[in-house]
Amino acid sequence: MTFDLVLIGFGSVAQRFVALLEGQRAKIGREFGLSTRIVAVATRRHGRAYAARGIDGQALVECGKRGEPVGRYALERPTVDFIGDVARKGAAAEEGRLVVIETTTLDIAQGQPAIDHIRAALGCGAHAVTANKGPVAFAYDTLADAAKNSGRRFLFEGAVMDGIPIFNLVRETLPAVEIVGFRGVVNTTTNYILTAMEQGQAFDEALADMRIAGIAEADASLDVDGWDAAAKTAALANVLLGARLTPHGVEREGISAATGIRAVAARAAKRRVKLVATAAREDGAVTARVGPQELPEDDLLAGLEGQQNGIIFHTDLLGEMAVVQRGSGLTQTAYALLSDLIAIAKDVSGRPDVRRGRA
């Protein structure tokens, strides 16, 4: 089955997704009976493109690397109208084969325009996949209802912990288990900086490393001021704890060069300072916080080094469960988009697992 893809945003994550898609094309075709073609791209800086028969993915990635325009489709119309235009040009939306891949940058004020992009996709018969935390952190209930009403999927595995299947783990493999709280290290940039400062590196130099790697947010203050972690905390709480939080409802404290002094002193005392995200439901209300915490050296979260992330779920039936990501980056986030796309293919195919030769 062939799925038509619309890429909204074409920064580092989307470019890596396209490269991954090209590299895995034969494998996902062989194992999942899935083929894809990119029919449209919309970017803030590099124009828009549409081609009913598909756009060459490798050429698209090369354009992105060089910062060249991806196309010259009319820029005057809003992106939400562009999504609607594409949906009306073929049968893919009606047949459930149109997927909008949304990878614009996080807007910490209101989660826009990503929320409108996803709402427009669902409204015109497309499935929506995003790596942007904003839609889940600001409008999860609304968008989940829109997806249900339209008979389409709204998936967002890449919004937290890159390619680690946090949401899918709970949704698909923990029936009858209730998540009552969690705590975790969910921001790669700050964990790298804290580890580097323990080892004597300056705050600004460590942050520069993350910018060069393409891991820090476009506006790195979102990382170091704790906003990225707060958005992820709100997203996790909304989906897993039934909260109605936004990042502004999460108590928040970031890190700075001064935190490094504290981290060095803690390490000397066999303790570690980590930027920890927590949330819990008590008496029907969910409270959430992000901030530096000094942890015992034997705490699982204390052992997370560099670009490692981890989260510990508190459950009603299984006690504590932990998931650790030993390495994170653009490939892992791109993989999350791919895994969501494959999940949609399973739904549309009507088979519990579309891998050929497997039950």
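Between Ala26 and Ser256, residue separation times 0.36 nm minus the direct Cα-Cα distance comes to 78.2 nm.
Rounded to whole numbers, the Karplus 3J(HN,Hα) couplings from phi for the range 129-143 are 10, 9, 9, 7, 6, x, x, 6, 7, 10, 8, 4, 4, 4, 6 Hz, using 6.51 cos²θ - 1.76 cosθ + 1.60 with θ = phi - 60°, and x at Gly and Pro.
Relative contact order for the chain: what percent, with Cα pairs under 8 Å and sequence separation of 6 or more?
Working: 732 pairs, mean separation 66.4, N = 359.
Answer for the chain is 18 percent.
Separation of the range 201-228 and the range 300-331, taken as the distance between their Cα centroids, equals 21 angstrom. How would the range 18-108 be classified by its alpha-carbon gyration tensor: rounded, prolate or oblate, with rounded meaning a/c under 1.5 and the a/b versus b/c comparison settling the rest? Here the range 18-108 falls in the oblate category.
Each residue of the range 224-231 is assigned a 3J(HN,Hα), and the resulting list reads 6, 8, x, 5, 4, 5, 5, 5 Hz, derived from the Karplus form 6.51 cos²θ - 1.76 cosθ + 1.60 (θ = phi - 60°), x at Gly and Pro. The angle between the Cα long axis of helix 203-212 and the main principal axis of the chain comes to about 20°, on a 0 to 90 degree scale.
Take the Cβ atoms of Glu294 and Ala51, set R0 to 56 Å, and the FRET efficiency comes out at 0.55.
Every number here is computed from the coordinates shown, using simple stated rules; none is lab data. Worth saying up front: this structure is predicted, and the values here are computed from it rather than measured. Positions of Cβ are backbone-derived with ideal geometry, glycine not excepted, and every protein chain shown enters the neighbour counts.
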